[in-house]
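Asks: Pasting a structure here, questions to come.
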Amino acid sequence: GTLTSYNNARLNFANSQLSYQSSLQLAGEAVRQAELGVASAEENLNAAKIQVTTAQENFDNVTAIQEKNTQDTKEAAVVSVNGYLNSIKNALDQVNYIIGAEGSWQLPGIVPTLSVLDITALDTARNFYESAKFDYVLQRDSGVSLSTVEEDIYRVQQIMQDTLTALDQTVRVLDATISSDTLTEEQLNTQRTAFSSLRAQFVQQQTAAQQTRQNLQNIDLRNKQEYDSLKNALDAAKNQLSKAEIAYDNAQAQLKNAESAKEQQRVASQTALDSARGQLNLAGTTVGDLRISTPISGQIISKSVEVGTKVNPGQKIATIAQTQALKVLVTIPSNEILNFSVGQSVKIEDTYLGSIHRIDPVADPVTKKVGVEIVFENEDSVLLPETYVSVSLPRQTADNFEGILIPLRAVTIAQGESYIFILEEGKAVKRNITVSEILGSSVMVTEGLTENDVIIVDGGRGLSDGQAVVPQE
């Protein structure tokens, strides 16, 4: 009987051990899952806060940029409108020089035979000249402002249309004019050629005026579309933040409930604490044989625990990185960026070779620097990720960038040649040049020009080689 009681007691002891272990494991797992839920919810909450901050910054930044762009566009339009008025004045002066609608300034020798073959063409040309000149003077005297630039460009377009008609009628006048003792056929042909060129240039100005007006009309629409997109992104981020806050509160409530349930299980299993201590020692022995495997091969770049530290399921132990290929990030002043190009070789730590993989298309608005991404094949693991290295970026040879930058409007590009006029001893001298590339409103000249040459920028298209010119003060 005594042996039977001992055996029964040992069996009960063993059952108590199993019951204690099972209850604590279940309660502990519930708490750990709840802790993981809190950690995950907190991570999502922090990410949502960052997303809201980023969306708000994007919204504020773009709104400020939109205001600046609108101001810049209108200021540029004001400059353009004044330029179109100058083009109108120049064209009307040239028309008056032929038809003599006002003043005494007229092509010498043309009056006796002016439009003798079609006198109505002369009357029509003068009528359109007077209409365009009247509207031009009104617009010139009223001026152009940021607040009225849209109306101003519309009126200027109408004046330009009348001016173009006056130009066309003047061409008819020249065609109806015959040579005489005071006006040679060569002089007539020169004027006809000049007016054909002047008309073509004026049509280009009309097209530019239409584009300027279109830009002004579209700027509010573009701003509205971009504003709505950013506002929607901001609202979506705030909505996501609200959901993340609710999820975080729920996760904390679940953790609190799990911890309360665990304590109740511990109190109920207190009678089996000694047996549980034995199981804990057994578990400690098992931990010594624990092996950890990773889903990828690579190199350990950081450790999150030390030897002897207690860890829980899901806890981060170390970070492993695949370091066969690395990216090196540098920044370059924006005024230096033309000295470098994608694919260019660079030196890292004065020993290893990499290459430029990407150059950011825009500079940082604060630092005025451009980001450059360099690729390095780190097959021998000579460099460690997340470290600083020295990079040598050699400027490209000057041959790739040799030349002189001049305004595009000074260049005449014809079939088989490109040329400019330079000022020498009071005369316009034609100079053939070689253009390597067009950069916005400028061109890079590689041959045919020196730094000491004086270029005729405006009015060059109506000049001839050797023609006397008087520079404007």
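Asks: Please sort 22-29, 80-87, 66-73 by packing, taking for each peptide the average over its residues of neighbouring beta carbons within 10 angstrom, highest first.
Replies: On the way: 22-29: 15.5, 80-87: 19.2, 66-73: 13.2.
Per-residue mean Cβ counts within 10 Å order the peptides as 80-87, 22-29, 66-73.
Asks: Counting just the Cα atoms, what span does the stretch 141-181 cover along each of its three principal axes? Round to the nearest Å and put the largest first.
Replies: Computed over the Cα atoms, the extents are 54, 17, 9 Å.
Asks: What ranking do 168-174, 91-97, 112-118, 224-230 get when scored by the average of other Cβ atoms within 10 Å per residue, highest first?
Replies: Top to bottom by mean Cβ count within 10 Å: 168-174, 91-97, 112-118, 224-230.
Asks: From the residues Thr319, Thr331, Leu164, which one has its Cα farthest along the dipole of the chain in the positive direction, the dipole being from +1 and -1 charges on Cβ of Lys/Arg and Asp/Glu about the Cα centre?
Replies: Thr319
Asks: Let me ask another. What is the distance, in nm, between label points placed 7 Å from the Cα along the Cα-to-Cβ direction at Ser381 and at Thr193?
Replies: About 7.7 nm, to one decimal.
Asks: Now a separate question. Evaluate E = 1/(1 + (r/R0)^6) for Ile320 and Leu221, where r is the Cβ-Cβ distance and R0 equals 51 Å; express this FRET efficiency to the nearest 0.05.
Replies: Working: r = 51 Å, r/R0 = 1.00.
So the FRET efficiency works out to roughly 0.50.
Asks: Can you compute the modelled spin-label distance between Leu280 and Ser442, with each label point 7 Å from Cα toward Cβ, in nm?
Replies: Output for this residue pair reads 7.7 nm.
Asks: Can you tell me the length gained on complete extension of the stretch Trp105 to Asn312, counting 0.36 nm per residue apart and subtracting the Cα distance?
Replies: Numbers: separation 207, 0.36 × 207 = 74.52 nm, distance 9.82 nm.
Gain on extension, Trp105 to Asn312, equals 64.7 nm.
Asks: Can you work out the FRET efficiency for the pair Ser180 and Ser418, with r the C-beta to C-beta distance and R0 = 35 Å, to the nearest 0.05? Walk me through the numbers before you get to the answer.
Replies: Numbers: r = 38 Å, r/R0 = 1.08.
The computed FRET efficiency comes out at 0.40.
Asks: If I model a spin label at Ser390 and Asp72 as a point 7 Å from the Cα along the Cα→Cβ vector, what separation in nanometres do I get?
Replies: Simple spin-label model gives 3.8 nm for this pair.
Asks: Counting only heavy atoms of protein chains, what accessible area per residue, in Å², does the stretch 1-137 have with a probe of 1.4 Å? Working shown, then result.
Replies: Values: 7860 Å² over 137 residues.
For the stretch 1-137, the per-residue accessible area is 57 Å².
Asks: Test of understanding: what is the full-extension gain from Asn250 to Glu29, defined as 0.36 nm times their sequence separation minus their Cα-Cα distance? Each step should come with its number before you reach the end.
Replies: Values: separation 221, 0.36 × 221 = 79.56 nm, distance 1.81 nm.
Working it through step by step, the gained length comes to 77.7 nm.
Asks: Could you tell me the distance between the Cα centroids of the stretch 16-55 and the stretch 237-260, to the nearest Å?
Replies: The stretch 16-55 and the stretch 237-260 have Cα centres separated by 11 Å.
Asks: Also, quick follow-up: Of the peptides 369-379, 212-222, how do they stack up when ordered by the mean number of other Cβ atoms within 10 Å, highest first?
Replies: 369-379, 212-222
Asks: Apply the Karplus parameterisation 6.51 cos²θ - 1.76 cosθ + 1.60, with θ equal to phi minus 60°, to every residue of the stretch 425-434 and state each ³J(HN,Hα) to the nearest whole Hz, in sequence, with x for glycine and proline.
Replies: Calculated HN-Hα couplings, in order: 6, x, 10, 8, 10, 6, 9, 6, 9, 10 Hz.
Asks: Right, here's the next one. Between Ala268 and Glu42, 0.36 nm times their residue separation minus their Cα-Cα distance comes to what?
Replies: Working: separation 226, 0.36 × 226 = 81.36 nm, distance 3.24 nm.
So the extension gain works out to 78.1 nm.
Asks: Got a number for carbon plus sulfur as a percent of the chain's accessible area, 1.4 Å probe?
Replies: Roughly 51 percent of what the probe reaches on the chain is carbon or sulfur.
Asks: Given charges of +1 on the Cβ of Lys and Arg and -1 on the Cβ of Asp and Glu, with all other atoms neutral, how large is the dipole of the chain about its Cα centre, in debye to the nearest 20?
Replies: On the way: 38 positive and 58 negative charges, 478 e Å.
Charge dipole of the chain: 2300 debye, to the nearest 20.
Asks: Still on this model: Can you flag which of Lys49/Lys256; Lys133/Lys430; Lys316/Lys369 are past 26 Å Cα-Cα? Show your work: numbers first, answer last.
Replies: Values: Lys49/Lys256 24 Å; Lys133/Lys430 33 Å; Lys316/Lys369 37 Å.
Check vs 26 Å cut-off fails for Lys133/Lys430; Lys316/Lys369.
Asks: I've got another one for you. Can you give the relative contact order of the stretch 69-144 as a percent, counting alpha carbon pairs under 8 Å and 6+ residues apart?
Replies: Numbers: 31 pairs, mean separation 26.4, N = 76.
Reported as a whole number, the value is 35 percent.
Asks: Using the structure shown, select from Lys89/Lys224; Lys303/Lys327; Lys74/Lys427; Lys68/Lys231 the pairs with a Cα to Cα distance greater than 28 angstrom. Before the final figure, lay out each step's value.
Replies: Details: Lys89/Lys224 37 Å; Lys303/Lys327 23 Å; Lys74/Lys427 38 Å; Lys68/Lys231 19 Å.
In this structure, Lys89/Lys224; Lys74/Lys427 exceed 28 Å between Cα atoms.
The values are calculated or read from the model by the stated rules, or taken from the named source; none is laboratory data. What you are looking at is a predicted structure, and each value in this text was computed from that prediction instead of being measured. Note that each Cβ is placed from the backbone with ideal geometry, even for glycine, and that neighbours are counted across all protein chains shown. In case anyone asks, the SASA skips ligands and DNA or RNA and just uses the protein heavy atoms, side chains included. Shrake-Rupley method; radii C 1.70, N 1.55, O 1.52, S 1.80 Å.
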